[in-house]
Amino acid sequence: MEIIACNRSCYEDVYTKLGLEKAKIDDCVSKSFEGRDINFHDNTLLRKEMERAKELQIDYLPSLLINKKPFQSLVINSIIVS
């Protein structure tokens, strides 16, 4: 399995290719933290996502839901990993 690092130029290139406004995304990300330092403060959006995943008994993210139930398969797991 090849691991590809995603640095600033990588994700900024994705923004451009998808036609997304970097300033809006950066603003959303910075507002999602409870403090100024993203290395030490809690991200409220990720916390809510993890709480919801726990309620739905989802052990890994991202997950595929079918009829509001997490779909678990060795095939889908290997696709996600690869």
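The values are calculated or read from the model by the stated rules, or taken from the named source; none is laboratory data. Just so it is clear, the structure is predicted and the values come from calculations on it, not from any experiment. Here Cβ is always computed from backbone atoms with ideal geometry, including for glycine, and neighbour counts include all displayed protein chains.
Here are the numbers for this structure:
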{"read-out": "Qualifying residue in region 43-56 (condition: at positive phi, modelled with pLDDT of 80 or more and not aromatic (F, W, Y))", "value": "no"}
{"read-out": "Scan of region 57-82 for residues that are of a type outside the set (G, A, S), out of contact with any Phe, Trp or Tyr (no Cβ under 9 Å at 6 or more places or on another chain) and modelled with pLDDT under 50, ordered by number", "value": "I76, V81"}
